[in-house]
Amino acid sequence: MQRTLEKYLNQSLKNDRAVALLGPRQTGKSYLLGLLAQNEDIIVKLDDPAVRDQAKRDPVAYLRNRRKKTSRLFIDEPTKLPVIFDAIKVLIDECGLRPSGIALASSSNYLLMRRIKESLAGRTHI
């Protein structure tokens, strides 16, 4: 099924430092990430407790080890692991002002969550 946002998100990933896809539960955000993912792209699903446990130990290393230079990194439900936002910031900043290829999909508006200390302000296109 072709989503209206698919083309828009692909364009944003090419032009913006990072992209955040926010919306209510069960509206197809994770499905859309799957549609956008190409051969080299990585999807980190933080809904999975085992994935959260691995990422919690060293979030920056966890994300770096999964990502290749030519791949995009899609992070599903990052609000399930608040410390991941600091790691995401590091990866975005490593790209300077160029697009990082990082996309977040969340059913919670992380900008309003008190436990999230890094808002990624100025780094993400919402």
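The values are calculated or read from the model by the stated rules, or taken from the named source; none is laboratory data. All values derive from a computational prediction rather than experimental measurement. Here the Cβ positions follow ideal geometry from the backbone for every residue, glycine too, while neighbour counts run over all protein chains shown. Keep in mind that these areas ignore ligands, DNA and RNA; they rest on the heavy atoms of the full protein, side chains included. Shrake-Rupley method; radii C 1.70, N 1.55, O 1.52, S 1.80 Å.
When region 59-110 is examined, which residues are found to be touching a Lys or Arg at 6+ places or on another chain (Cβ under 8 Å) and among the basic types (Lys, Arg)?
Answer for region 59-110, where residues must be touching a Lys or Arg at 6+ places or on another chain (Cβ under 8 Å) and among the basic types (Lys, Arg): Lys80, Lys89, Arg98.
Taking region 59-85, which residues are closer than 16 Å to Arg123 by Cα and either more than 12 Å from the chain's Cα centre (by Cα) or open to solvent by less than 10 Å² (accessible area, probe 1.4 Å) (or both)?
Within region 59-85, Leu73, Phe74, Ile75, Pro78, Ile84, Phe85 meet the criteria.
Out of curiosity, is Val83 farther than 19 Å from Tyr8 by Cα and at pLDDT 95 or above? Steps first, answer last, please.
Numbers: farther than 19 Å from Tyr8 by Cα: yes; at pLDDT 95 or above: no.
Answer is no for this residue.
Filtering region 43-58 down to residues that are assigned to a loop (DSSP other than H, G, I, E, B) and in contact with a helix residue (DSSP H, G or I) (Cβ under 7 Å, 6 or more places away or on another chain), which residue is least open to solvent (accessible area, probe 1.4 Å)? Spell out the reasoning first.
Within region 43-58, the subset assigned to a loop (DSSP other than H, G, I, E, B) is 46-48, 58.
Next cut, in contact with a helix residue (DSSP H, G or I) (Cβ under 7 Å, 6 or more places away or on another chain) only: 46-47.
Working: Leu46: 0, Asp47: 82 Å².
Going through the qualifying residues, I end up with Leu46.
Identify, from the list Leu9, Leu32, Leu13, Leu21, the residue that is in contact (Cβ under 8 Å) with a residue 60 or more places away in the chain, more than 20 Å from Leu120 (Cα to Cα), surrounded by 15 or more Cβ atoms within 10 Å (Cβ to Cβ) and not polar (S, T, N, Q).
Testing whether each residue is in contact (Cβ under 8 Å) with a residue 60 or more places away in the chain, more than 20 Å from Leu120 (Cα to Cα), surrounded by 15 or more Cβ atoms within 10 Å (Cβ to Cβ) and not polar (S, T, N, Q) leaves just Leu32.
What are the pairs with Cβ atoms under 9 angstrom where one residue, in region 72-93, is without any contact (Cβ under 8 Å) to a residue 60 or more places away in the chain and polar (S, T, N, Q) and the other, located anywhere, is assigned to a helix (DSSP H, G or I) and open to solvent by less than 10 Å² (accessible area, probe 1.4 Å)? Sequence gap at least six, or different chains.
Listed by first residue and then by second, the contacts come to Thr79/Phe85; Thr79/Tyr110.
Here are some residues: Ser108, Ser119. Which one is at pLDDT below 85 and either part of a strand (DSSP E or B) or within 12 Å of Leu22 (Cα to Cα) (or both)?
On the way: Ser119 fails: either part of a strand (DSSP E or B) or within 12 Å of Leu22 (Cα to Cα) (or both).
From the options Ser108, Ser119, the qualifying one is Ser108.
Just give me the residues in region 8-42 being assigned to a loop (DSSP other than H, G, I, E, B) and of a type in the set (Gly, Ala, Ser), in sequence order.
Listed by number, the residues that qualify are Gly23, Gly28, Ala37.
Suppose we filter Ile92, Ile75, Ile88 for residues that are within 19 Å of Ser12 (Cα to Cα), at pLDDT 85 or above and assigned to a strand (DSSP E or B); which single one remains?
Ile75
Which residue pairs have Cβ atoms under 8 Å apart, sit 6 or more places apart or on different chains, and have a first residue in region 52-65 that is of a type in the set (Ser, Thr, Tyr) and a second that is part of a helix (DSSP H, G or I) and open to solvent by 40 Å² or more (accessible area, probe 1.4 Å)?
Tyr62/Gln54
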